[in-house]
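A.B. asks: Mind having a look at this structure? Questions to follow.
The values are calculated or read from the model by the stated rules, or taken from the named source; none is laboratory data. None of these values were measured; they are calculated from a predicted model. No Cβ is skipped: glycine too gets one built from the backbone with ideal geometry, and neighbour counts run over all protein chains shown. For the accessible areas, the whole protein counts, side chains as well, though only heavy atoms, and no ligand, DNA or RNA atoms are used. Shrake-Rupley method; radii C 1.70, N 1.55, O 1.52, S 1.80 Å.
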Amino acid sequence: AKVWYFLRTQIQYEAEPKTDQTSKEINRFIKDGIGDCKHFATFAVGVLNACGIKTVFTFVGQDKTQKKPNHAYATAFINNERIVIDPCRKRFNSECKYFYKWDIPRINN
């Protein structure tokens, strides 16, 4: 809940244009204080993994006519419970409506 709360209250959400998608290292993301859903997901997965919590990147598609993702967030697994970390949502552990969903494990280096 603390990671979700930090992102929700300390980082401003701003969607990037489809033609200009970026990635950010965590320190740049915090310094900028702004990002989109993929930046939020990257931060949450990185921090939670560093704490030893199993996580995945979750991608959802909200357009039933196109089987491709348009939103991303982190999902953590604590005591076999699935916890959604999506600071774009007003409630902790809540998911948006979607037609398609993909969980992608974090790649360990």
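A.B. asks: Per the helix-only calculation at 222 nm, which mean residue ellipticity applies to the chain, given -39500 (n - 2.57) for every DSSP H run of n ≥ 4 and division by its residues, nearest 500 deg cm²/dmol?
C.D. replies: Result for the chain: -8000 deg cm²/dmol, rounded to the nearest 500.
A.B. asks: Still on this structure: Under a 10 Å cutoff between Cα atoms, tell me which one of T58, T75, T19 has the largest fluctuation in the Gaussian network model of the chain.
C.D. replies: T19
A.B. asks: Report the label-to-label distance for E81 and S23 in nanometres (one decimal), using points 7 Å from each Cα along the Cα→Cβ vector.
C.D. replies: Here the modelled spin labels are 3.3 nm apart.
A.B. asks: Tell me which lysines have Cα within less than 21 Å of K54's Cα, excluding those fewer than 8 residues away on the same chain?
C.D. replies: Partners within reach: K2, K38, K101.
A.B. asks: Another question, if that's okay. Mind checking which aspartates and glutamates have their C-alpha under 19 Å from K18, skipping anything on the same chain fewer than 8 residues away?
C.D. replies: Straight-distance partners of K18: D36, D63.
A.B. asks: While we're looking at this one, here's another question. Once you charge only the Cβ atoms, +1 for Lys and Arg and -1 for Asp and Glu, what is the size of the charge dipole of the chain about its Cα centre, to the nearest 20 debye?
C.D. replies: It comes to approximately 260 debye.
A.B. asks: Using a Gaussian network for the chain with springs between C-alpha atoms less than 10 Å apart, which of these wobbles most: A74, A44, A15?
C.D. replies: Residue with maximal mean-square fluctuation among A74, A44, A15: A15.
A.B. asks: How many percent of the alpha carbon pairs in the chain exceed a separation of 18 Å?
C.D. replies: 47
A.B. asks: Counting DSSP beta bridges in the chain, what percent are antiparallel, to the nearest 5?
C.D. replies: Of the beta bridges lying entirely in the chain, close to 90 percent run antiparallel.
A.B. asks: Computing the accessible area with a 1.4 Å probe over protein heavy atoms, can you report the carbon and sulfur percentage for the chain?
C.D. replies: Taking all protein chains in place, the chain shows 51 percent carbon and sulfur surface.
A.B. asks: Right, another one. Would you mind working out the accessible area per residue for the chain, using a 1.4 Å probe, and quoting it in Å²?
C.D. replies: 67
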